[in-house]
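Novice: Let me give you the structure first, and then I'll get to my questions.
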Amino acid sequence: DKFFIGASGYDGWEPNGSRYDWGLEGRFTDGPLKIQSEYIMGQVNPADNATANNSVWTPLASTLNLQVNPTGYYAMASYRWQDFRFAARFDGYNANQITDSKYNLEMDTATLGVDWFQNKDKFKFSLNWEDHYTAGVEQFNLWNVQAQFYI
């Protein structure tokens with residue numbers, strides 16, 4: 001009851017080329033403590049010349065080498081104490097890990113937050129601080145305030 005592990009995957013062709021995606025996720029919950037993480041990766045190759053892929057995109061993709069390899073992950077830990085939940089999260093995403101791609105940049109976000117629940121969790125007020133990085137260089141940080149009502 002405390003552990004959850006999951007996986008998903010896809011491998012096939014779409015109108016704009018061959019594609020595969022897969023992901024792994026895990027969660028551990030022990031009373032007020034929750035730790036969870038997920039990793040995803042994929043590949044889209046519109047330049048694949050398989051007959052199943054012949055579409056209007058194939059000639060253009062072949063000349064531009066539009067293969068894309070995105071990856072992403074997050075790791076999060078949270079702790080609930082009475083009407084408060086404290087959390088830390090780290091997200092990473094790279095839109096295209098192809099070496100020569102101008103989009104081959106790791107974009108990371110570190111988040112610290114607190115939620116305040118009221119009225120049997122029908123109202124939640126959140127305060128988060130986020131620090132954003134691109135290729136390991138800090139870009140900006142921000143405060144995020146949010147209120148949610150559940151009907």
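Novice: For the range 75-133, would you read off the P(r) tail past 17 Å as a percentage of all alpha carbon pairs?
Specialist: 53 percent
Novice: Once the other residues with Cβ under 11 Å from the Cβ of D121 are scored (Lys, Arg +1; Asp, Glu -1), what is the net sum?
Specialist: +3
Novice: So, one more: Any chance you could run the full-extension gain for Y150 through A75? It's 0.36 nm times the residue separation minus the Cα-Cα distance, nm to one decimal. Write down the numbers at each step before the final one.
Specialist: Values: separation 75, 0.36 × 75 = 27.00 nm, distance 2.63 nm.
Additional length available on full extension: 24.4 nm.
Novice: Which value in nm describes the separation of the simple spin-label points at L33 and W129, placed 7 Å from the Cα toward the beta carbon?
Specialist: 2.4 nm
Read the figures in this text as sums done on the coordinates, not as results from a lab. Every value quoted in this text rests on a predicted model; they were computed, and no experiment measured them. Every residue, glycine among them, receives a Cβ derived from its backbone with ideal geometry; neighbour counts consider all protein chains shown.
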